[in-house]
Amino acid sequence: MNDKQFYEILPDGRYRFRVDHHTINDYNTCDRYFSLRHITDPADGMVWGSKTLNIKIALGSWWSSVMESFYNEMTFGTLPTDHHIYKFVTDAWSEHKMEDYASADDKTREVFDKFGGLDGGRLMALEYYEAFAKQHYSSWQIIGAELGFGWKDELPLGEDDKVVVYYGGKPDLVILDRAQNMIMPLDFKTKDSVPGNATLMYKPHPQTAGYIYAVNKMLDMMYGHNLTDAATRPLSPTKCIIMICARFRPTDKPRSGVRSPRFLPVYPQYSADEIEEWRQSVMEKCRRLRDSIERGVWTPRESACHLYYNGCVFRRVCSQPANIRQALLKSDFVKVEPWSPYNTEED
Ligand code: SF4
């Protein structure tokens, strides 16, 4: 099974899956969406992607890169300075070709201007720095930024007579909170503004449960049942951190009279039973996924068509009769490499 494959058929007829949060979430969202994004064309090994630049996704990727550099600096025992911040922001801005969005369509340009371009990026990073740098430097040990797990199938999720499932992923950060002696995964989420229901949005949530499952398993692998190490073993995580980051500066004069924060950490917490329930639900989804692949049936889920910022990217395909959908895909979309969390180059 190469890095681009997410499944193979074993000699005993079972399906061996490698899944991560994105794979499972896309299948959860809509079977047809999953087939367009993950089932490769046998002719070229590619899947369908959008031609349109998505500035909101790009800003999220840019911010993840800035944060990776920021916390990487701390792994070397250094508290980053303003000078570092400017460099991290500027380097990531070039890496993600953010200036391209300044000359895109009107809607994209509007978001670019509202964000404030590179200067807006610097301001966002400096505000984050003011809010958290010293606190995190003194209370956290950074275990790793963009630390991939499961790359070598070291995280078996389970198996039965239908499927053998391995899990993988890449949290933005894994930290040791010194006061709690607990290792926790952390993920950054960029939103236009911090939502009022932010504390409720990440549980239930497939990504948070999956990260907690994975970090627990990694701790077991590191410490096993060695009683000598047991005394120093950090506590198994029961929660993770979702750091919500607003793209746009909160207004100084909100109608409610309460200025919302630009950044808000939330801490979804799971019991061992809840994590086990999550594990079983992923197994069940993989059994259903096997069924979809075997029968080649990818049912549209209309309830998902209008989700997200602008609705599903494939709406104009699915809103047309079946006989012209292929032609529409070829004219309005591009072939892209399939998503893979299993990039062995990142060992
Ligand atoms: S438009 Fe709707 S049915 Fe079509 S792929 Fe998207 S979510 Fe699925």
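The values are calculated or read from the model by the stated rules, or taken from the named source; none is laboratory data. Because the structure is predicted, anything quoted here is derived from the model rather than measured. Backbone-built Cβ (ideal geometry, glycine too); neighbour counts: all protein chains shown.
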Among the numbered criteria (1) within 15 Å of L289 (Cβ to Cβ); (2) crowded, with 17+ Cβ neighbours inside 10 Å; (3) away from the ligand (no atom under 16 Å from the Cβ), which single criterion is violated by Q5? (2)
Matching entry among E95, E68 (being of a type outside the set (F, W, Y), surrounded by 15 or more Cβ atoms within 10 Å (Cβ to Cβ) and farther than 18 Å from L123 by Cβ): E68
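Every residue in segment 97-108 that is over 25 Å from the mean Cα position of the chain (by Cα), part of a helix (DSSP H, G or I) and charged (D, E, K, R), please.
D106
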Among residues belonging to segment 294-326 that are of a type in the set (D, E, K, R) and either part of a helix (DSSP H, G or I) or more than 8 Å from the ligand (Cβ to nearest atom) (or both), point out the one that is surrounded by the most Cβ atoms within 10 Å (Cβ to Cβ). R325
Please indicate, with yes or no, whether at least one residue in segment 250-270 is surrounded by 13 or more Cβ atoms within 10 Å (Cβ to Cβ), in contact with a Lys or Arg (Cβ under 7 Å, 6 or more places away or on another chain) and closer than 30 Å to L118 by Cβ. yes
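For (1) modelled with pLDDT under 95; (2) of a type in the set (A, V, I, L, M, F, W, C), each residue gets a yes or a no:
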{"residue": "D113", "(1), (2)": "no, no"}
{"residue": "I143", "(1), (2)": "yes, yes"}
{"residue": "P156", "(1), (2)": "yes, no"}
{"residue": "D160", "(1), (2)": "no, no"}
{"residue": "D172", "(1), (2)": "yes, no"}
With more than 16 Å from the ligand (Cβ to nearest atom), in contact with a helix residue (DSSP H, G or I) (Cβ under 7 Å, 6 or more places away or on another chain) and not polar (S, T, N, Q) as the only criterion, which of L329, L235, L289, L264 stands out? L264
Is it the case that L79 is part of a helix (DSSP H, G or I), touching a residue at least 40 places away in the same chain (Cβ under 8 Å), over 25 Å from L329 (Cβ atoms) and not charged (D, E, K, R)? no
How many residues does segment 30-50 contain that are within 16 Å of the ligand (Cβ to nearest atom) and either part of a loop (DSSP other than H, G, I, E, B) or free of Cβ contacts under 8 Å to residues at least 24 places away in the same chain (or both)? 2
Kindly indicate whether T251 is farther than 29 Å from N181 by Cβ and within 16 Å of the ligand (Cβ to nearest atom). no
Run down S256, S260, S331 and say which single residue is without any contact (Cβ under 8 Å) to a residue 24 or more places away in the chain and part of a loop (DSSP other than H, G, I, E, B). S256
